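Reading through the structure tokens given below for one structure.
The values are calculated or read from the model by the stated rules, or taken from the named source; none is laboratory data. These figures come from a predicted structure and were not determined experimentally. When we count neighbours, we look across all protein chains shown, and the Cβ atoms used for this are built from the backbone with ideal geometry, even at glycine. All accessible areas refer to the heavy atoms of the entire protein, side chains included, with ligands and DNA or RNA removed. Shrake-Rupley method; radii C 1.70, N 1.55, O 1.52, S 1.80 Å.
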Amino acid sequence: MVKIAGIDVGNDSVKVVVDGSERPVIIPSIVSPGYDRHVLQEEDSPLKALDVRVYSPKLKRNNQRYFVGLLAMEDQDNSELEETDNKATSDQSLVVALTALAYAALSGKTYPAAGTGIEEAEYIIGTGLPVRTYVAFHQAFEERLTGEHEVTFLSTPELRGRTVRIKIRRTIVSVEGAAALFHLATNESLQVKNEELHKGVIGVCEIGALTTDFPVVKRMNIDNQFSTGEQFGLATYLDSIIRDIEDQYGYRFPSRTKLIGRIRNREFVIQRVGEGQADIRPIVDMYFNRAAQKLVDLIRKRWKKYPDIECFYVLGGGAAALKSYLMDAAGSMRLRFEDNSEILNVQGYLKLAQNKAGQQPEPNPA
């Protein structure tokens, strides 16, 4: 049976939501070279130990072993995406995306014992690209994802020895930010639930790790002239925070994901070597205030250039992290925020795929 799924191949994390599922699968976009692990105690969740071998004709280095997501987060040889990377052509993005789709195919099922064969998962998927790369790369991204791939789980608890053959029958690529707005404007049956968003001229600031998109959506159509994007995101500021903390306190965060997890949980006190502690909040505040001011200035410029915009939504994972800083920087300029901002795009991709596939969504399980 072909399942419809939305997949947000983000530079900070990959998110997958399958038609009928209750919540998305979220995996940090980090990989490191895999090897035979010395496991003293097995992890209590498969997501904490994604150890995979990935086969795909679209990979430059095929059939390689990787630690993915949380397992790679603290590995000294891990790799996070940089500003020079393009998710439409990146091997790392594809490895994490295929791992997420394979995990989504197995999650929620009774995990079979090793050696019972290959599980096949057929998908129609919706996904997206930033404004500035969409025109040049959406066809290449579609072709890269569409086709057959295989993911084998190695030392992953509960999934050890399972292989998933992923058959992506069709890929629908849309624009980041605009997909989130489509989700906000429609209900689960794809009917209009917000007339203001559906019929209005809406500005969007979608803050990612490496890009920030400013699509303008007019009556649910993207404005070609005024939609734009910037090749910077929250990662630039996170890297600076990591560097300053190491310079001042000798404490090294192994990844942006580790740092953002601390910030999200408001755990600003770090343990120094010995019994000393340090508060990193002033460093975080300094860089996040700078990021917020730059973003507010860009929003103001976009709004002045196109004064017909009725309201501006600030969305994405960066919006969740910077919300209080952005509100302070905006002053009297009102910006709109949404709860669970980081998963709005993937929910929009799912709906767009459902719409294109001409299928109604399956009911959520009780």
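Taking all protein chains together, 306, 134 sort by accessible area into 134, 306, largest first [probe 1.4 Å]. Per-residue surface analysis assigns residue 335 an accessible area of about 20 Å², computed on protein heavy atoms at 1.4 Å probe radius. For the range 47-98 versus the range 230-299, the spacing of their alpha-carbon centroids is 24 Å.
Consider the candidate values (i) 29, 57, 14, 0; (ii) 25, 52, 22, 1; (iii) 31, 61, 7; state which one is P(r) over Cα pairs in 20 Å bins from 0, in percent computed from the structure displayed. Answer by label: (i). Any lysines with Cα under 18 Å of the residue 304 Cα? List them, leaving off those in the same chain fewer than 8 positions away. Cross-link targets: 218, 294.
Ranking of 206, 158, 22 by solvent-accessible surface, largest first: 22, 158, 206 (1.4 Å probe, protein heavy atoms only, all chains present). Checking every one of the chymotrypsin sites (Phe, Trp or Tyr not before Pro) in the range 261-295 against DSSP loop status and a limit of 15 other Cβ atoms within 10 Å picks out 268.
Karplus-based coupling profile of the range 331-340, in residue order and whole Hz: x, 7, 6, 7, 10, 9, 10, 10, 5, 6, with θ = phi - 60° in 6.51 cos²θ - 1.76 cosθ + 1.60 and x standing for Gly or Pro. Ligands, DNA and RNA left out, the 1.4 Å accessible surface of the range 1-123 is 47% carbon and sulfur atoms. Working ranking of peptides 30-42, 62-74 by packing, defined as the average number of other Cβ atoms within 10 Å per residue, highest first, is 62-74, 30-42. For the range 27-43 and the range 132-172, write down the distance between their C-alpha centroids in whole Å. Measuring centre to centre over Cα atoms gives 20 Å. Dividing the mean sequence gap of close Cα pairs (under 8 Å, 6+ apart) by how many residues the chain holds gives a relative contact order of 20 percent.
Protein heavy-atom accessible surface, 1.4 Å probe, per residue over the range 1-157: 44 Å².
Leaving ligands, DNA and RNA out of it, rank 124, 207 by accessible area with a 1.4 Å probe, largest first.
Per-residue accessible area, sorted high to low, gives 124, 207.
Take the cross-link list 258/323; 87/351; 60/323 and give me the ones stretching past 30 Å between alpha-carbons. Those over the limit are 60/323. Among beta bridges identified by DSSP and lying wholly in the chain, the antiparallel ones come to about 65 percent.
With all protein chains kept in place, the per residue accessible area of the range 164-311 amounts to 47 square angstrom at a probe of 1.4 angstrom. Counting only protein heavy atoms and a probe of 1.4 Å, the accessible surface of the range 148-257 is 41% carbon and sulfur.
A protection proxy built from the mean count of other Cβ atoms within 10 Å ranks the segments 349-355, 308-314, most packed first, as 349-355, 308-314.
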